[in-house]
C-alpha cells in the first residue's frame, strides 16, 4: 500500500513540474512580503550559534557534553562536563586489576574560550584556551580520552609503580576546526590540544590529546 501511495505521489509531482514555472509569477504577487529578509526588520535569535555536542569515549568509559555560546563575531565561551563511570575490570574477566587510583570514577568541569579566525563563531578554524577541574585519570596518567602516551611508570625492580592521582586543576591550549553540516543544524568538531597539570609528586606534566565531537546548533 505504501509503495502504491508513493508511486501516485511521484507521478503527481512529475505531472505538475512543467506548470510550476507558469504559476510562479502568480505566487510571487499573491504571497505576503517577508520583511525579515531586510536588515531593518531582521532579528537574530538569542540562541543563534548556541550548540550542544556529545563526545562519547566508550573505550575509556567516559562521556563528555560540550556547551558553546558565541558572545562576539569571532569569540565564544563554553563549558564541557565529563563523567568517567565504570571500571575496566568487569565481573567476567579472568583476573581483577590491582586496586589503583585510576580505576575510580570521577567527573570534570572545563571552561573554554575560543577565537575563530576567518568565519563567524561557531564555525571554522579556531584556537582555544581552557581551565579545568578534573578528579579522575587513566592508567597511563593522562586525564583526557584519545590522549597520546606521554607518561611512563617508574620501575621498582621488575614491578612498575602505580600512578598517584594528579592534582585536580589543569590548563591547556588547542587548535581545532568546527563545521556546520547539512541541514544546517548538525555541527561537527575536531580539536587537538595539550593539557598541563601537576602529578601526585607535584611534578609538572603535560599530555596531548584529540577531542572529536558531534552535536546540534541552534
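Take the conditions (1) surrounded by 13 or more Cβ atoms within 10 Å (Cβ to Cβ); (2) at pLDDT below 95; (3) in contact with a strand residue (DSSP E or B) (Cβ under 9 Å, 6 or more places away or on another chain); residue 204 misses just one of them, which is (1).
For residues in region 123-177 being modelled with pLDDT under 75, out of contact with any strand residue (DSSP E or B) (no Cβ under 7 Å at 6 or more places or on another chain) and within 20 Å of residue 59 (Cβ to Cβ), which is surrounded by the most Cβ atoms within 10 Å (Cβ to Cβ)? If we take residues in region 123-177 being modelled with pLDDT under 75, out of contact with any strand residue (DSSP E or B) (no Cβ under 7 Å at 6 or more places or on another chain) and within 20 Å of residue 59 (Cβ to Cβ), then 163 is surrounded by the most Cβ atoms within 10 Å (Cβ to Cβ).
The values are calculated or read from the model by the stated rules, or taken from the named source; none is laboratory data. Remember, predicted model here, so these are calculated numbers, not experimental data. Quick reminder, even Gly has a Cβ in these numbers, built from the backbone with ideal geometry, and neighbours come from all protein chains shown.
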